[in-house]
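Since every read-out is calculated from the coordinates, none of them should be taken as a lab result. As the structure is a computational prediction, the values presented were derived from the model and not from experiment. Because the Cβ atoms are built from the backbone with ideal geometry, glycine has one as well, and the counts that use them run over all protein chains shown.
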Amino acid sequence: MATATQVTNFFKEMGVLCVTESKKRIANGGGFVLPSVAMAQAALETGYGTSGLMTKANAYFGIKAGSSWTGKVYSSSTGEVYDGVSVVITATFRAYNSKAESVADYYELITSSSRYAGGVSYSNNILSPYSTIYNIWDGGYATDPDYVSKIMTIINNYDLTSWDNKINGELTDEELDLINYGGTGLGSSGGSVTGTTSSTLRYVLEEEKNVVFNTHDYSLEEEKAL
């Protein structure tokens, strides 16, 4: 259970990252997801940032790793609903080097896939939070039939639409400081890398040793940078 302080800090960090990503996409003439919706999804998926496994993997949106995904992954049990029946399965999810990378990949997934097109806003056509999350859910993002109501409850309870208003405004100096990756927790996950030069490395979580991230081959220089 997240404390009030944890919830506040979680939304500050995710809010800055989601607004920044939205601004970048607007500047490039592309579509974006309302920050309020992305923030609420991340809160629901990670328990407001308290899920040790997901936060170490910087996996804030619970995106499954399909056959086309070539980055890091982790395996975890997850609750799904199929034909009205709740089941628990083990699935493989995308993992990232930072929170910012997780947010960017989520935005890319939603804005580049035709199945989620109805949930994408543009500078000249900004959707409501409900329309956004309903269309993302309807596109198959989640199987929980109560997913939309859960997201809307989080948005309303924490006044997350206030972050949507920052898309066309300016972030404060304090908020901008949060995207300085030097020591804010927005950067690397703090895991450890094991392996040898010129071999396939495995990124192993320090607390969950049974979870292995599949990675590419790294040179010695790349290994040192991890």
Just order 27-36, 158-167 by mean Cβ neighbour count inside 10 Å, highest at the front, would you? 27-36, 158-167
Size descriptor, Kirkwood hydrodynamic radius, that averages inverse alpha-carbon separations across the stretch 4-185, Å: 16.6 Å
Between D159 and L109, what is the FRET efficiency for a Förster distance of 45 Å, r being their Cβ-Cβ separation, to the nearest 0.05? 0.95
I need the peptides 55-66, 10-21 ranked by packing, meaning the mean over residues of other C-beta atoms within 10 angstrom, with the highest value on top. 10-21, 55-66
Going by C-beta contacts inside 10 Å, put W137, W69 in order with the fewest on the left. W69, W137
